[in-house]
Amino acid sequence: MPNILNALFALTSIHNTMRGRYKRYWDYWAMCILLLCTASPQITVVQAAPIAVEAEYQVSMNGMTIATLHEHFSVQQNKYQSFSELRPSGLLAIVKPNPIQVTSVGLVLRTGLQPLQFEGGIGEAESKRVSAQFDWKTLTLQITHNGRSEQLVLSAGLQDRLSVMYQFLYLSPAQVANLSFEMTNGRNVETYHYQLGPDQEIDTPLGKLHVLHLVRQRPNNEPVVEVWLAKDQQLMPVKMRIIERNGSRYEQLISRLKLQL
């Protein structure tokens, strides 16, 4: 019984700060799996990308499962659409039942994805939603958050935090050795740097997978972020780990994957 009460107390604390935690979780996930080097925006696609992806991940905090993440990505002609839903599970669903939903739509170019519209949040309340509109003709980015809008300069190769997750489908392993990229989460635009570590083999519900291991280069003692990309599954991200400054550990592990080539 004490363990359950402790768990409920911990989950109530999570509930009180979940808006910020959800935001950071999504941002870190998008940060660490963009495989587009914006310093070279004219990079050429070298592999045939899937036309559809369905994926499911189990999300845990300090070893306890707290959510399931469902991902869908599809391409028709030269347009893509993607949808992601983070749905709380177990005890967390009691105190935070509403899922986070994120969508991104845009074009597929020879260099990969070019987002046009991004939206995300919890429910319909404007205070809990963010969005980004990409105007590539005028090079203007309009972001909306907390019910306010602002315009920024739209830089070449910029991705949103969902399209960023599928840009890797258009690149080769050699192109992910040293990553520097820009991304918007609907609130701001930031630049991130990642380096490639030694190849590894990890255990997953899909079996043993040979993976590439990316590690974020941490500025100002930022949280540790690692991501593992499956070499035999189009470089699909299959595991991610975030260790915050206070020691809290978040992990995301693939539990189901379907690629349509």
For LEU139 and LEU206, calculate 0.36 nm times their separation in residues minus their Cα-Cα distance, and state this gained length in nm to one decimal. 19.9 nm
Determine ³J(HN,Hα), in whole Hz, for all residues of the stretch 60-68 in sequence, where each value follows from phi through the Karplus function 6.51 cos²θ - 1.76 cosθ + 1.60 and θ = phi - 60°; x replaces Gly and Pro. 10, 10, 6, x, 9, 5, 10, 6, 10
Could you tell me whether the stretch 64-168 comes out rounded, prolate or oblate from its Cα gyration tensor? Rule is a ≥ b ≥ c as square roots of the eigenvalues, rounded for a/c under 1.5, then prolate if a/b exceeds b/c, otherwise oblate. oblate
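Normalised radius of gyration for the stretch 163-261, please: alpha carbon Rg relative to 2.2 N^0.38 Å, two decimal places.
Values: Rg = 14.0 Å, N = 99, 2.2 N^0.38 = 12.6 Å.
For the stretch 163-261, the normalised Cα radius of gyration comes out at 1.11.
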Here the residues of the stretch 221-257 lying in the modelled label zone of PHE83, meaning backbone nitrogen under 20 Å from a point 7 Å along Cα-to-Cβ, are 255-257
Can you list the lysines whose alpha carbon is less than 30 Å from that of LYS79, not counting same-chain residues fewer than 8 positions off? LYS23, LYS128, LYS137, LYS231, LYS239, LYS258
Among 155-168, 128-141, how do they line up by average Cβ neighbours within 10 Å per residue, starting with the highest? 155-168, 128-141
Spelling it out for SER172: with amide H atoms placed in the peptide plane at 1.01 Å from N, the residues 5 or more places away or on another chain with amide H under 5 Å from its amide H are VAL46
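What does the charge dipole of the stretch 127-255 about its Cα centre add up to, to the nearest 20 debye, if the Cβ of each Lys and Arg holds +1 and the Cβ of each Asp and Glu holds -1?
360 debye
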Built amide H within the under 5 Å cut-off of ARG256, gap 5+: GLU56
Phi-based couplings in Hz for the stretch 73-89 (Karplus 6.51, -1.76, 1.60; Gly and Pro marked x): 9, 8, 10, 10, 6, 10, 10, 10, 9, 9, 9, 9, 9, 9, 10, x, 9
Span from the the stretch 118-192 Cα centroid across to the the stretch 220-240 one, whole angstrom: 19 Å
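Read-outs throughout are calculated quantities, based only on the coordinates presented, and are distinct from any laboratory measurement. This one's a predicted model, so the numbers in the text were calculated from it and none came from an experiment. All Cβ positions, glycine included, derive from the backbone under ideal geometry; neighbour counts span all protein chains shown.
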